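For reference, the structure is listed below as C-alpha cells.
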Amino acid sequence: MEKIRYFDNAATTKINDEVFRTMLPYLTIQYGNPSSIYSIGREAKREIENARKKVAQLINARTNEIYFTGCGSESDNMAIKGVAYTNKDKGNHIITSKIEHPAVLNSCKFLEKQGFKISYINVDENGVINLQELANSINESTILISIMLANNEIGTIQPIEKISKIAKDKGILLHTDAVQACGNIPIDVSKLGVDMLSLSGHKLHAPKGIGALYIKSGTEIEKFMDGGHQEKDKRAGTENVASIVGLGKACEIANKNMTEHVKYLEEIRNYFIQKIEERIPQIKLNGDRENRLPGNANVSFKDVDGGELLLKLDSKGICASTGSACSSGSSAPSHVLVATGLSDEWTKGALRITFGEDNEKEDVDYLIDSLVEIVEQIRKNK
Ligand SMILES: *Cc1c(COP(=O)(O)O)cnc(C)c1O
C-alpha cells in the first residue's frame, strides 16, 4: 500500500497508541457495568471518575463539572437545547454566529421551529465575531450565547473572554464549542468565563463516539436523555467505559504535551504557508493569520476547483479537505468562507490542511511539491 500522508486532523485524528492500550482491558476482561456493586463494576466506575478528573484538568474545571456524552455534536445539542428548555419561561432568544459547526447551527434551527428566536452574528474577513453586533443583539429575552472557541474550517480563534464579559454583564449564559480547540491550545474555563464547553474525543486522539460537556456548577440545564441515573441524571445510558477511559488518557497526554504540541504544529504550519505563498501564485490564506489554531492552514487557489484538487491529492496518497461539511459531491460553498465575505472565485478553490504530530517535515515537503505540481496542472488544463 502506498504511504498515506494524513493532513486532515480537523476531520478526525488517529487514536494514540497509549490511549488504545489503556482502553483495551475495558473492551475485554474489565467488562463490568459501572452501576454494578461487585468488584469489576466498581473498578469501571472508579476508572470513569479517574477519566473525568483528567478531562477536568485539561480545561481547569472541577471534576464534578464534567459530563460524558456520545460525541461533540451531542454536547452541543445538550448545552443549547438544555438551556433553552430550562429557561423558556425567562426568554426565547439565543445568540450564535454564522460560522458555527452544524451541531450548533442545526440545534438552533430546531429551536427556531419551536418558537425560539435566534440571532446569527456576522464575522469579519478573518472570521472574527463582530462584538458590537453581538452586544447590540442582546435583548430582555436573551437566555444564551453560543460562540465557538475555534473554527473547524479556517481555525480562527474567537475572543471568548470578551464575549464572556458582555454575557456576564447581562446575566446571560455562555456556551462555547471547543471541539477543535481542545487539545490544540491551552484552555482554562474560568479564564474564558464560560458556563458550558463542548469537547470531543476523536479530535484529540481518542476514539470517535465519545464527548464531554463542561457545565459550570450551579448552571441549570435540562437533561439530555431520559432513563437511568448515569451522569447525575443528565445523560442516561450505560457509560461507554472504554472510550471514556480513552478520552481521559488523551486529555492527560494533551495536557502534558501542550507546549511542544503547539510549537511543533505552528512550526510546520508556518513553514507550509510560507512555502506555498512563495511557490504558487494567485492564492489566499483564509482565516486570521495570527489568531488561529496551530495546526490549521486554509488556503484558496484561484481558478482551481477544490474537489478536483482533493481527488488529485488523494491519488498521491494525501488526505486533506475542502473544509466545508458537504465536500463530498455537493458543490455548495462553505458557509464559513461565505460568511467571511469571500467571493465565489475563491470559495470554490479552498483547501483545508490540518497538521498533526505524526506529520514529519518530509511529509510536509511532499505535500508542498504535490500541491505546486497539481495546481499548475489544473490551471493549465482550464
Ligand atoms: C467535529 C466537530 C464537532 C462534532 O463532534 P463529533 O464528535 O464529531 O460529533 C462539533 N464542533 C466542531 C467545531 C467540530 O469540529
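The values are calculated or read from the model by the stated rules, or taken from the named source; none is laboratory data. The structure displayed is predicted, hence computed values, not measured ones. For neighbour counting, all protein chains shown are included, and Cβ atoms are generated from backbone atoms with ideal geometry for every residue, glycine included.
Here are a few things to note about the model shown:
- Of GLN30, GLN57, all but one fail to be more than 16 Å from the ligand (Cβ to nearest atom), part of a helix (DSSP H, G or I) and over 30 Å from PHE110 (Cα atoms); the exception is GLN57.
- Test: ILE318 is more than 23 Å from ASN126 (Cα to Cα) and more than 26 Å from the chain's Cα centre (by Cα): no
- Residue among LEU144, LEU111 that alone is in contact with a helix residue (DSSP H, G or I) (Cβ under 6 Å, 6 or more places away or on another chain), without any contact (Cβ under 8 Å) to a residue 40 or more places away in the chain and within 30 Å of PRO207 (Cβ to Cβ): LEU111
- Looking only at segment 175-194, and only at residues there that are away from the ligand (no atom under 13 Å from the Cβ) and surrounded by 24 or more Cβ atoms within 10 Å (Cβ to Cβ), the one that is nearest to the chain's Cα centre (by Cα): ILE187
- The residues of segment 231-279 that are surrounded by 18 or more Cβ atoms within 10 Å (Cβ to Cβ), under 20 Å from PHE20 (Cα atoms) and charged (D, E, K, R), listed by number, are GLU239, LYS249, GLU252.
- Looking only at segment 7-23, and only at residues there that are touching a residue at least 60 places away in the same chain (Cβ under 8 Å) and away from the ligand (no atom under 16 Å from the Cβ), the one that is surrounded by the most Cβ atoms within 10 Å (Cβ to Cβ): MET23
- Segment 198-215 - residue that is of a type outside the set (Val, Ile, Thr) and in contact with a Lys or Arg (Cβ under 9 Å, 6 or more places away or on another chain) and, of those, farthest from the ligand (Cβ to nearest atom): HIS205
Residue by residue, here is whether (1) modelled with pLDDT under 95; (2) more than 30 Å from GLU49 (Cα to Cα); (3) β-branched (Val, Ile, Thr); (4) not in a loop (DSSP other than H, G, I, E, B) holds:
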position: ILE80; (1), (2), (3), (4): no, no, yes, yes
position: ALA84; (1), (2), (3), (4): no, no, no, yes
position: ASP89; (1), (2), (3), (4): no, yes, no, no
position: ALA103; (1), (2), (3), (4): no, no, no, yes
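- If you go through segment 22-75 and keep only what is among the small types (Gly, Ala, Ser) and in contact with a Gly (Cβ under 8 Å, 6 or more places away or on another chain), you end up with GLY32, SER35, SER39, GLY41, ALA44, ALA51, GLY70, GLY72, SER73, SER75.
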